[in-house]
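Each remark here refers to the structure printed beneath this line.
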Amino acid sequence: MARKRIKVSNRMLLTWFILSGLIFLIAPQNLTSRFQFAFANIFRWPLGIGRNISLSARTQQQLADVVSRREYDKLQNHLANVTEELLEKHKKLDRVSGLRNRMSEFEGVEFMLAEIITASIDDAHGELIINRGRDDGLAEGQFVLGDNSVIGTISDASPRTARVRLFTDPASKTEVKIRELKTMIQGLGRDSSKVQLLSIKHKVEVGDDVYARKKPGFLDAPMKIGTITRCKTDEGNPLLWDITVKPACDVEKLNDVAVIIMNPAPRSGGVDPKN
Amino acid sequence: MHWFRFAVLVLVVTVLQAGLADIVAVTNLNVKPDLLLILLVFFAIYCNTFEAIITSFVIGFAADIILAGSPMGPRIISFGLFGTVLAYLNSVVTIKKMPYQALAIFITAFLTDALAHLLVSFRGQPAPFSVYTVIFGTSFYSSLAGPFLFLPCAWWMRIKVERPR
């Protein structure tokens with residue numbers, strides 16, 4: 001008996017596909033992002049090779065007798081973080097404290113090293129997909145470091161991969177500290193972010209370091225996030241500053257990052273800061 | 001239509017777009033050719049309408065899947081819609097000469113990107129600050145490279161490409 005061939009008109013086919021596209025569009029992003037995670041997971045090897053080739057094509061020849069710019073920036077960020085920790089310690093000594101202080105010895109803190117599988121950095125996005133996920137103890141909100149500076153936070157995690165939203169992502173808002181001021185920055189895309197609603201009565205200058213504020217359960221001490229590269233009066237509102245912050249590290253040149261996991265559950269993997 | 005070859009081609013181009021396209025990016029806006037869009041125009045021109053509709057939506061799905069952080073759906077709809085329109089247009093006006101193919105790639109790229117950004121903005125995601133510059137740059141770059149990439153695609157898909165003189 002001949003099989004009955006189902007004929008579908010072009011119009012019906014187009015309608016079905018448009019409907020499925022609309023379903024994807026209105027579906028929650030944590031559901032649809034599983035497809036993106038799955039793609040990154042399945043093709044992580046060729047994507048990693050492609051990324052390494054792209055990075056190599058952009059890397060310049062380094063002189064043998066000087067430290068590279070990247071190494072210099074890394075050390076500079078470390079110095080800024082250590083200096084800020086020292087100031088925090090001095091402040092704590094002034095207060096009555098009977099509590100255990102877990103700070104620079106990183107007791108109870110684990111740094112989960114992760115490789116970058118794909119990076120999506122342009123004017124509309126600032127996100128990375130890394131090869132660690134929930135199975136490795138990652139969770140939403142954890143801070144991510146690159147070259148000893150904060151580059152973003154975990155925005156979503158599958159069992160084996162996770163998405164990092166950079167603080168330069170237009171949808172990202174991060175609480176920061178500039179000198180003694182507490183304020184917030186919002187991403188502008190690519191490699192900059194903007195300080196929001198800061199009155200000109202506060203003293204701020206180009207070159208000032210910007211620190212991610214400590215957040216209980218996620219970050220024990222302020223850590224450097226960037227530097228002010230532009231500081232002028234807002235054209236729309238002369239009573240406010242128009243401040244641009246550039247990241248402390250060049251994310252596009254990173255191969256791997258470190259995720260700060262506070263109070264990790266006992267498991268294998270990660271870096272023990274005591275070793 | 002060799003569907004297995006189509007699947008392999010889309011996978012390869014998707015991985016290339018996600019992993020290697022940055023090498024050929026220009027300017028500080030990271031403008032690079034949209035290989036998936038070039039593939040879309042290729043199938044819209046060289047396949048029949050039914051096949052072009054299917055390939056357009058599949059390529060749109062691939063385009064959405066490589067954009068980490070972006071909601072899925074905008075490119076499925078924009079690629080599918082404009083791929084279909086191009087396929088119908090091709091049945092009326094054949095687009096065989098390279099300059100016309102370049103023009104088709106440019107217009108299709110511009111329209112699909114603009115619609116995709118519009119649909120993304122409906123999801124509440126902010127638009128980039130130089131969105132039209134990036135769209136124009138990507139469309140222009142893709143239109144320059146696209147017609148030359150049709151030949152290896154046609155060879156793989158075993159489609160005869162006749163360029164009129």
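Summary of computed values
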quantity: Verdict on B:Thr94 being more than 9 Å from chain A (Cβ to nearest Cβ) and more than 17 Å from the chain's Cα centre (by Cα); calculated: yes
quantity: Test: residue in the range B:88-111 that is under 30 Å from A:Ser172 (Cα atoms) and in contact (Cβ under 8 Å) with a residue 40 or more places away in the chain; calculated: yes
quantity: Residues being in contact with a Pro (Cβ under 9 Å, 6 or more places away or on another chain) and at pLDDT 90 or above - total across the range A:151-176; calculated: 5
quantity: Residue match in the range B:60-74 (condition: farther than 18 Å from A:Ala124 by Cβ and β-branched (Val, Ile, Thr)); calculated: no
quantity: Strands (runs of 3 or more DSSP E) wholly inside the range A:125-225 containing at least 2 residues that are in contact (Cβ under 8 Å) with a residue 24 or more places away in the chain, away from every other protein chain (no Cβ under 14 Å) and not acidic (Asp, Glu); calculated: A:143-146, A:149-157, A:173-178, A:181-189, A:209-212
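Residue-wise test of (1) of a type in the set (A, V, I, L, M); (2) buried (at least 20 other Cβ atoms within 10 Å of the Cβ); (3) over 13 Å from A:Arg213 (Cβ atoms).
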site	(1), (2), (3)
A:Arg132	no, yes, yes
A:Gly146	no, yes, yes
A:Val150	yes, yes, no
A:Ala157	yes, yes, yes
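The values are calculated or read from the model by the stated rules, or taken from the named source; none is laboratory data. Fair warning: this is a prediction, and the values are worked out from it, not measured in the lab. All Cβ positions, even for glycine, are placed from backbone atoms using ideal geometry, and neighbour counts span all protein chains on display.
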